[in-house]
Amino acid sequence: MAQRPSPKSGGKVSRRDFMKLMAAAGTVMTFAVFADWGKFLPPPKQQTGERQMVELPDGSQANVNSFPVNHAEAVIFPKSDDPVLNKEAFRTWQFIRLPEELGGKKNDASAFRMYSMVCLHLWCLWKYWPQDGRKRGECPCHGSLYDPLTGKAFAGPASLQAPPSNVLPSLDLEITSDGNVWIKPPNWSPNGNGVVGFGRFLT
Ligand code: FES
């Protein structure tokens, strides 16, 4: 049975309800043409100037002294107090420590990358594969491949899209003297850190 709009939202679908709807539908693609993205993208953290820790799935903070080379984990950013919002694909990032040949053994932020996991083609979630002969991001839906060094698609349908929709959004990182890794406040624009699901201009 169709649900009536909540009085709290003034007849409009709230951001949280929208995300639940997407989860129920099992795909975000249906909404691509209709959505007003500004309402659903992560809030611009740069307004508060806060950095956020890189929180690993086990709840610990990523640390340069313990995070393995040529390894990746999914990280939520920005993290909210609402567990439903934290499951949004648009808040899911792949935190990668590069393989040794790409500088992953260094003890500074250059050894790491953090890219939106939302594929730029039709928004499936891609992931990093560390195996020899791969060492790249791969999307399971239509085979787009992403360069871990730059976030640029180099094969598959995402690679055929015009800039900025061929380069993944990327977050800037910093490492404090204790080795902990932090996410700097982003600039959500194609010329800055990028727009999730849309892309980023490579500078
Ligand atoms: S959604 Fe990733 S290649 Fe199509």
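The values are calculated or read from the model by the stated rules, or taken from the named source; none is laboratory data. Note that the coordinates shown come from a computational prediction; the quantities given were computed from them, not determined experimentally. Note that each Cβ is placed from the backbone with ideal geometry, even for glycine, and that neighbours are counted across all protein chains shown.
Evaluation of PHE90 against the conditions (1) modelled with pLDDT under 95; (2) of a type in the set (A, V, I, L, M, F, W, C); (3) assigned to a helix (DSSP H, G or I) shows that the sole unmet condition is (1).
Of all the criteria given as (1) of a type outside the set (A, V, I, L, M); (2) over 30 Å from ASP178 (Cβ atoms); (3) buried (at least 23 other Cβ atoms within 10 Å of the Cβ), the one not satisfied by TYR128 is (2). Somewhere in the range 67-78, is a residue exposed (fewer than 13 other Cβ atoms within 10 Å of the Cβ), at positive phi and modelled with pLDDT of 95 or more? No - not one qualifying residue is present in the range 67-78.
Is it the case, given these coordinates, that LYS184 is under 23 Å from GLN61 (Cα atoms), more than 16 Å from the ligand (Cβ to nearest atom), in contact with an Asp or Glu (Cβ under 6 Å, 6 or more places away or on another chain) and of a type in the set (D, E, K, R)? Answer is yes for this residue. Of all residues in the range 142-183, those satisfying the criterion of being of a type in the set (Phe, Trp, Tyr) and touching a residue at least 24 places away in the same chain (Cβ under 8 Å) are TYR146, TRP182.
Is there a residue in the range 96-104 that is within 14 Å of the ligand (Cβ to nearest atom) and either within 21 Å of PHE198 (Cα to Cα) or within 11 Å of the chain's Cα centre (by Cα) (or both)? No, the range 96-104 contains no residue that is within 14 Å of the ligand (Cβ to nearest atom) and either within 21 Å of PHE198 (Cα to Cα) or within 11 Å of the chain's Cα centre (by Cα) (or both).
Listed conditions (1) of a type outside the set (Asp, Glu); (2) more than 21 Å from PHE90 (Cβ to Cβ); (3) touching a Phe, Trp or Tyr at 6+ places or on another chain (Cβ under 7 Å) are all met by ILE183, apart from (2). Residue check: GLY199 meets all listed conditions (1) touching a residue at least 40 places away in the same chain (Cβ under 8 Å); (2) on the phi < 0 side of the Ramachandran plot but one, namely (2).
Could we say that LYS106 is of a type in the set (D, E, K, R), part of a loop (DSSP other than H, G, I, E, B) and in contact with a strand residue (DSSP E or B) (Cβ under 8 Å, 6 or more places away or on another chain) here? Criteria not met by LYS106. VAL75 meets each of the listed conditions (1) within 14 Å of the ligand (Cβ to nearest atom); (2) closer than 16 Å to ASN193 by Cβ apart from (1).
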